[in-house]
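Step one of this worksheet: look at the structure below.
The values are calculated or read from the model by the stated rules, or taken from the named source; none is laboratory data. Just so it is clear, the model here is predicted, and its values are computed rather than measured. Reconstructed Cβ throughout: ideal geometry from the backbone, glycine too, with neighbour counts over all protein chains shown. Side chains are part of the model used for accessible areas, which takes the heavy atoms of the whole protein and leaves out ligands, DNA and RNA. Shrake-Rupley method; radii C 1.70, N 1.55, O 1.52, S 1.80 Å.
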There are 2 protein chains.
Amino acid sequence: MLVGISGRYQIDWGKKMRVALDAMGSDNNPIPDVEGGVLAARESGSTLLFVGDEQAIRSELKKHKTTGLNLEIVPASQAITMTDIPSIAAKEKGDSSMHVGMRLVKDGLADAFMTAGNTGVAYATAMLYTLKRIPGVKRPALSVIFKIANQPVIFLDMGANADSKAEWLVQFAIMGQIYAEKSLGLSNPRVGLLSNGEEAEKGTQAVRDAGEILQHLSINFVGNVEPKEVLSGRADVVVSDGFTGNILLKTFEASTRYLSRIIRDEITGGVFSSLGGLLIRPAMKRVKKKIDTDEIGGAPLLGVDGVVIIGHGSSDAYAVKNAIHQAHCAVQGKIIEAIRDGLQKAANEENVIALQAGGII
Amino acid sequence: MLVGISGRYQIDWGKKMRVALDAMGSDNNPIPDVEGGVLAARESGSTLLFVGDEQAIRSELKKHKTTGLNLEIVPASQAITMTDIPSIAAKEKGDSSMHVGMRLVKDGLADAFMTAGNTGVAYATAMLYTLKRIPGVKRPALSVIFKIANQPVIFLDMGANADSKAEWLVQFAIMGQIYAEKSLGLSNPRVGLLSNGEEAEKGTQAVRDAGEILQHLSINFVGNVEPKEVLSGRADVVVSDGFTGNILLKTFEASTRYLSRIIRDEITGGVFSSLGGLLIRPAMKRVKKKIDTDEIGGAPLLGVDGVVIIGHGSSDAYAVKNAIHQAHCAVQGKIIEAIRDGLQKAANEENVIALQAGGII
């Protein structure tokens with residue numbers, strides 16, 4: 001059932017399904033979105049439902065060979081932009097391609113929805129107006145998936161919940177663990193709490209309280225992880241509040257760019273080093289590829305009652321295709337049901353612990 | 001009065017003073033500590049008070065030319081280790097070199113104290129048992145100073161206060177701004193709040209509330225800064241809670257190490273790239289030096305009632321010397337008085353704003 005992590009190599013799509021795709025999502029929409037959908041339809045045999053401006057989608061589709069593919073167009077009169085404010089756009093753009101695409105999932109007309117559009121608007125549209133939360137979920141979380149040491153690592157929350165309570169962090173941990181197992185295909189994934197020290201007493205009050213609960217649940221909780229441990233792959237699931245998670249992500253991106261800039265400046269500063277720079281250019285290209293995330297291309301919005309995969313705004317057609325592959329993995333892993341059951345199980349375990357602590361059982 | 005930022009070049013020490021030095025501080029104590037003190041005494045003409053194990057200090061001093069230097073030894077029977085737990089060691093090691101050194105400042109026998117020892121213990125010893133807080137300070141902050149684009153940038157809090165209230169963040173901003181101006185010699189330093197977006201509505205509740213207050217104070221507040229802006233030098237003072245600040249710092253360190261490792265692996269993977277790697281080696285050494293912090297060597301513990309400079313545990317003698325230079329800058333910038341006055345001024349400004357908001361004036 002598990003189909004593993006996608007890439008530019010031949011990937012296993014598993015069973016055919018219906019995926020709604022936001023044609024108006026990426027920065028260069030609808031070009032990479034439509035091409036990515038066509039590629040995915042060709043490789044998977046699945047039905048792709050392109051949601052958005054019908055004329056634009058039609059004229060984009062003409063550029064590709066689509067004979068024999070299962071493609072449908074679902075018109076939506078509005079589009080979300082990257083500068084749209086989530087609370088406002090989610091509420092007022094009721095016929096946006098995001099809104100319409102998520103409704104298809106809600107109504108059972110599609111198995112999953114993929115967008116490379118505005119993450120905040122996707123979050124608000126899903127949570128408040130269309131799919132709503134899986135019963136039992138306190139707050140859905142945004143995730144990103146990186147490859148570290150050739151293994152996928154899922155990070156959540158990456159920005160939806162700046163101030164996160166301990167009980168939300170616990171749910172992020174459970175949802176991330178389920179996604180890692182059911183969709184990324186990792187067995188017994190290790191769950192770590194991002195903190196400023198390995199010791200259990202390190203971290204904010206919320207982190208310390210969450211750690212206390214997590215160590216009693218039947219998940220593979222490896223305790224607090226510092227950034228250096230995150231980057232050496234000590235955990236498969238890295239949990240944090242949305243503020244710190246977003247700072248971690250942005251600091252990683254900014255640091256690698258900062259270091260690359262310094263290296264380039266120093267290398268181009270002399271004759272020998274410039275020659276050396278030419279010789280290492282292919283190696284540096286491989287480095288850049290290793291750091292880029294497009295091999296994964298998309299990560300789930302976890303906790304909403306339907307499979308939603310969000311890709312980078314800068315996605316190219318391959319990244320869109322890979323995000324659609326993620327959607328296939330999530331649907332086949334039955335993650336919605338698994339999250340519902342997993343949260344229920346954890347709540348039961350917490351109840352047992354509370355009763356034991358109270359001396360009742 | 002301002003003597004600028006120190007380095008391995010000739011530095012301006014300003015007036016002579018008395019600096020207490022923790023001889024038992026660094027990972028390799030007392031070797032780099034004592035040598036750094038000797039170097040500083042020679043360059044500055046100041047009096048260095050070596051605090052710690054008298055025998056160990058004496059035998060270490062014999063390795064150096066000390067004729068004509070103003071050196072004193074102040075015995076302390078206990079030493080702090082890197083594994084000491086702050087709350088316990090600060091309380092129970094009343095004759096530690098940190099405790100004794102800070103007492104010298106408290107009693108007016110030294111103008112400043114420098115240690116490359118356990119930061120947490122230094123914080124607790126200063127705040128709870130020796131120097132205590134400057135009147136008006138809610139929480140002292142740990143800082144670090146990086147050079148970004150050849151300019152010093154001070155970051156605080158870096159780990160002392162995991163959960164920080166908005167009013168603490170405001171005080172960190174004021175203390176950092178005063179240190180940047182009076183001790184680092186920056187004119188009208190730009191103060192930024194670390195956040196996950198530039199917009200004022202981004203961030204935790206504490207960040208948003210602090211931003212609201214800071215924009216009304218008479219400091220050069222540039223608003224929220226994201227990690228990429230921090231690393232492009234958009235602010236001279238970067239303010240955050242201790243948890244996020246520590247994660248930022250550790251993610252930066254981990255990311256640069258991660259990238260360096262990937263680059264090394266890729267470069268050594270082929271003949272041409274290996275040759276290229278040899279040719280760029282001097283350039284890469286300059287890159288490493290740029291990222292290292294020992295040109296700054298030490299950062300202040302801000303908010304305690306006396307000048308305390310904390311260096312890396314891994315400090316060599318140059319880093320210790322530079323940290324002692326930081327102490328000179330801080331004393332000559334009269335930062336303790338400046339912080340006391342600055343916080344008072346800010347409190348008055350906040351009162352005026354509150355009265356105006358209430359329609360009273």
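Residue B:296 - would you say it is modelled with pLDDT under 90 and open to solvent by less than 10 Å² (accessible area, probe 1.4 Å)?
Answer is yes for this residue.
Which residue out of B:190, B:133, B:139 is charged (D, E, K, R) and in contact with a Phe, Trp or Tyr (Cβ under 6 Å, 6 or more places away or on another chain)?
Exactly one residue qualifies, and that residue is B:139.
Hey, among the residues in the range A:173-217 that are open to solvent by less than 20 Å² (accessible area, probe 1.4 Å) and touching a Lys or Arg at 6+ places or on another chain (Cβ under 8 Å), which one's farthest from the other protein chains (Cβ to nearest Cβ)?
Of everything passing the filter in the range A:173-217, A:192 is farthest from the other protein chains (Cβ to nearest Cβ).
Would you check which residues across the range A:160-208 are among the small types (Gly, Ala, Ser), touching a strand residue (DSSP E or B) at 6+ places or on another chain (Cβ under 6 Å) and more than 14 Å from residue A:141 (Cβ to Cβ) and list them?
A:192, A:195
Mind checking which residues of the range B:79-95 are free of Cβ contacts under 8 Å to residues at least 40 places away in the same chain and under 27 Å from residue A:198 (Cα atoms)?
Selection gives B:81, B:83, B:84, B:85, B:86, B:87, B:88, B:89, B:90, B:91, B:92, B:93.
The conditions are (1) of a type outside the set (Val, Ile, Thr); (2) open to solvent by 20 Å² or more (accessible area, probe 1.4 Å); (3) over 22 Å from residue A:344 (Cα atoms), and residue A:152 fails exactly one of them. Which is it?
(2)
Looking at (1) touching a Gly at 6+ places or on another chain (Cβ under 6 Å); (2) assigned to a helix (DSSP H, G or I), which is the only condition residue A:309 fails?
(2)
Would you be able to tell me the number of residues in the range A:232-252 that are facing chain B (nearest Cβ under 7 Å) and either of a type in the set (D, E, K, R) or assigned to a loop (DSSP other than H, G, I, E, B) (or both)?
Residues flagged as facing chain B (nearest Cβ under 7 Å) and either of a type in the set (D, E, K, R) or assigned to a loop (DSSP other than H, G, I, E, B) (or both) within the range A:232-252 amount to 1.
Kindly provide the set of residues from the range B:219-231 that are in contact (Cβ under 8 Å) with a residue 24 or more places away in the chain and within 8 Å of chain A (Cβ to nearest Cβ), ordered by number.
B:226, B:227, B:230, B:231 - these are the residues of the range B:219-231 that are in contact (Cβ under 8 Å) with a residue 24 or more places away in the chain and within 8 Å of chain A (Cβ to nearest Cβ).
Given the conditions (1) surrounded by 24 or more Cβ atoms within 10 Å (Cβ to Cβ); (2) touching a residue at least 12 places away in the same chain (Cβ under 8 Å), and given that residue A:255 satisfies all but one, which numbered condition is not satisfied?
Residue A:255 satisfies all of (1) surrounded by 24 or more Cβ atoms within 10 Å (Cβ to Cβ); (2) touching a residue at least 12 places away in the same chain (Cβ under 8 Å) except (2).
Of everything in the range A:267-286 that's assigned to a loop (DSSP other than H, G, I, E, B) and open to solvent by 30 Å² or more (accessible area, probe 1.4 Å), which residue is farthest from the other protein chains (Cβ to nearest Cβ)?
A:268
With respect to residue A:136, determine if the residue is open to solvent by 20 Å² or more (accessible area, probe 1.4 Å), away from chain B (no Cβ under 13 Å) and of a type outside the set (Val, Ile, Thr).
yes
On the basis of being at pLDDT 95 or above and open to solvent by less than 30 Å² (accessible area, probe 1.4 Å), does residue B:262 make the cut?
no
For residue B:347, only one of the following conditions fails: (1) open to solvent by less than 10 Å² (accessible area, probe 1.4 Å); (2) in contact (Cβ under 8 Å) with a residue 12 or more places away in the chain. What is its number?
(1)
Residue A:360 is checked against (1) β-branched (Val, Ile, Thr); (2) without any contact (Cβ under 8 Å) to a residue 60 or more places away in the chain; (3) in contact with a Phe, Trp or Tyr (Cβ under 7 Å, 6 or more places away or on another chain) and fails just one. What number does that condition carry?
(3)
In the range B:320-341, which residues are buried (at least 24 other Cβ atoms within 10 Å of the Cβ) and either of a type in the set (Gly, Ala, Ser) or part of a strand (DSSP E or B) (or both)?
Result: B:323, B:327, B:330.
Going residue by residue through the range B:304-324, is there one that turns out to be at the interface with another protein chain (Cβ under 7 Å from one of its Cβ atoms) and either of a type in the set (Val, Ile, Thr) or on the phi > 0 side of the Ramachandran plot (or both)?
No: zero hits.
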